[in-house]
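Inspection log for the structure reproduced underneath, given as structure tokens.
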Amino acid sequence: MKYAMSAKENDSRELRQAERRERKSAAAEEKEKKDRRYRRNVIIFIAVFVVVIVAALLINSNIFYTATTALTVGDTKYSPAEVSYFYRSTLNGIYQNLQSQLGDMTSMVIDINTPLTEQTYPYDLDGTKTWADAIMDNTREDMVRITAFYDAAVREGYTMTNTDQAYVDSTLAQLQEYASSNGFASFDKFLSAYYGKGLNSKTLTKLLERVALASEYSSRLLDSLTYTDDELAAYYDANADALDYYDYYAYTVSGTLEQFSELDDETKTQEVHAAAEEIVAATTDAESFLAAVADFAGEDTKLTVNAYRVDYIPSYCRDWITDSARQPGDVAVFDADGTIASYAVFFIGHDRNDYNTVDFRHILVMAEADENGEYPEEVLLAARVKAEELLKQWEQDPTEENFAALANENSEDAGSNTNGGLYEQVTKYTMVPGVNSFLFEEGHSAGDTGVVLGESSSYTGYHVMYYVGENRRNADILAEDMKRDEDYDAKYEELSAPYTIKDGLGMRFVTF
């Protein structure tokens with residue numbers, strides 16, 4: 001007979017079954033939780049992996065450099081690649097300018113092989129600005145100017161001229177030649193390496209066209225600023241303090257000269273000053289001043305006239321030179337600050353620039369120095385004979401055109417031997433003394449010729465001179481230059497006033 005469970009046993013069995021079901025359900029639920037966690041972790045991993053891959057792809061692509069905004073100038077947005085181009089162009093311009101002034105010493109001011117963010121800008125009085133900061137400041141100014149002029153050109157209906165297009169084409173051709181000669185796989189790779197990531201030929205062409213049109217507007221604006229002779233005369237009179245020139249000789253007696261090398265600093269300072277005083281004491285006129293300098297420093301010492309506006313006169317003698325009581329022939333000695341040196345100064349005169357500038361052509365025949373840097377008499381004679389032979393050759397067909405041709409064929413002056421030896425609007429004291437004397441002596445007529453000795457620290461030789469004639473009055477030229485600059489700047493300020501410049505998130509991608 002089948003065993004019959006009691007109610008108590010039945011309840012106990014149901015309880016155990018319920019517990020088994022609950023354990024099975026808990027196990028299933030735990031397994032489900034583990035499965036959910038696993039699926040969630042897989043999804044997160046995949047999402048992170050995708051983000052990393054996408055980020056890597058984006059970083060290695062140009063999208064951050066071309067599709068983001070680094071600077072907004074007015075209403076114009078510039079990408080990091082475009083700002084990098086302007087930055088590099090500004091850097092190149094500044095570096096080339098410094099190199100033309102300082103030559104091999106440029107690296108003492110700026111070293112292009114060291115990050116510019118690590119180099120202090122030497123012209124910052126606070127010493128907190130880096131070269132990168134300074135160049136970026138200039139870049140911002142350039143971009144505002146270009147943008148303002150470009151927008152004005154577009155508003156006024158300007159289009160690219162043949163000259164503008166030639167500028168764009170020649171710039172691209174030069175860069176392409178450089179890229180090819182330096183082994184770059186493509187022009188775009190060169191642009192990216194040289195100017196910054198993201199720049200390509202299409203973007204560069206657009207920027208060059210923008211610069212060309214802005215430059216065209218700027219040039220036409222400048223050309224539109226014209227003035228009458230009366231306006232220029234009135235302007236000069238009103239600004240004579242800034243436009244007048246002061247002419248003087250200055251010789252530096254330096255404590256670094258060998259004759260002072262054995263002296264202690266105190267004695268050296270006294271002896272240097274005494275030497276300058278001796279030069280001044282021997283002076284009665286310009287010739288005696290030059291002779292006294294030659295007696296002290298040697299016959300090879302050649303002083304040239306300093307002809308400067310007030311702002312360019314050295315601080316050590318500025319007040320003395322510009323004193324209204326100053327008279328031609330006055331002399332004085334000034335001691336240097338911070339170094340052992342004294343200056344002997346001879347005042348020539350105060351120049352109102354009321355004379356005509358001169359145009360001339362010349363043929364330079366250089367004399368060749370010996371191994372000691374000297375010019376023996378026979379060498380000077382040979383150069384003079386050659387110069388006189390060229391003049392006689394010209395006299396067989398005495399036209400300006402023939403003289404220009406002889407200059408191109410024979411002159412050793414690299415600055416003029418491709419334009420017929422021509423210099424225009426020459427002012428006093430800008431040429432070596434022999435040439436200056438020929439040009440500004442009274443009584444010359446167009447076509448006058450001569451042979452004169454030219455000497456400077458860089459050469460000695462003879463000039464075959466051809467006097468073309470007088471040009472504009474120097475005072476008018478100086479007044480026009482200053483007034484045009486003022487009026488041009490005022491017009492630019494008016495155009496650029498509405499333009500604000502704002503940094504964008506893309507600035508972090510600009511290549512410094």
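Odds and ends about this structure:
- Put simply, when 461-474, 246-259 are sorted by average Cβ atoms within 10 angstrom per residue, most first, you get 461-474, 246-259.
- What the phi angles of segment 384-393 give under the Karplus curve with 6.51, -1.76 and 1.60, with θ = phi - 60°, is a coupling list of 5, 4, 4, 4, 5, 5, 5, 5, 5, 4 Hz, glycine and proline written as x.
- Residues whose amide H falls under 5 Å from that of LEU71, counting only those 5 or more places apart or on a different chain, are TYR78, GLY504, with hydrogens built in the peptide plane.
- Hull volume per residue, based on the alpha-carbon atoms of the chain and their convex hull, is 353 Å³.
- Between segment 376-426 and segment 159-178, the Cα center-to-center distance that results, in Å: 36 Å
- Take 166-172, 363-369 and order them by the average number of nearby Cβ atoms within 10 Å per residue, most first; the result is 363-369, 166-172.
- Cross-link pairs beyond the 24 Å C-alpha cut-off, checked among LYS189/LYS502; LYS129/LYS502; LYS129/LYS483; LYS302/LYS428; LYS129/LYS491: LYS189/LYS502; LYS129/LYS483; LYS129/LYS491
- Ranked for footprinting exposure by Cβ neighbours inside 10 Å, fewest first, MET108, MET143, MET160 give MET108, MET160, MET143.
- Net +/- balance of residues flanking GLN165 in space, Cβ distance below 14 Å, scoring K and R +1, D and E -1: -2
- Total formal charge among the other residues, if their Cβ is under 12 angstrom from that of LEU495, Lys/Arg +1 and Asp/Glu -1: -2
- R0 of 25 Å, Cβ-Cβ distance GLU389-ALA282: FRET efficiency to nearest 0.05: 0.05
- Cα convex hull of segment 71-224 - mean projected area over all directions, nm²: 11.1 nm²
- Separation of segment 310-330 from segment 351-375 is 27 Å, based on Cα centroids.
- Helical mean residue ellipticity (222 nm; -39500 (n - 2.57) per DSSP H run of 4+; nearest 500) of the chain: -17500 deg cm²/dmol
- Which of PHE509, PHE334 has the fewest Cβ neighbours within 10 Å, and the rest in rising order: PHE334, PHE509
- Counting 0.36 nm for each residue step from SER170 to ASP264 and taking away their Cα separation leaves a gain of 27.8 nm.
- Pair GLU401, SER315: separation of 7 Å Cα→Cβ label points (nm): 5.7 nm
Bear in mind these aren't lab numbers, they're just calculated from the coordinates by the rules spelled out. This is a predicted model, so every value here is computed, not measured. For neighbour counting, all protein chains shown are included, and Cβ atoms are generated from backbone atoms with ideal geometry for every residue, glycine included.
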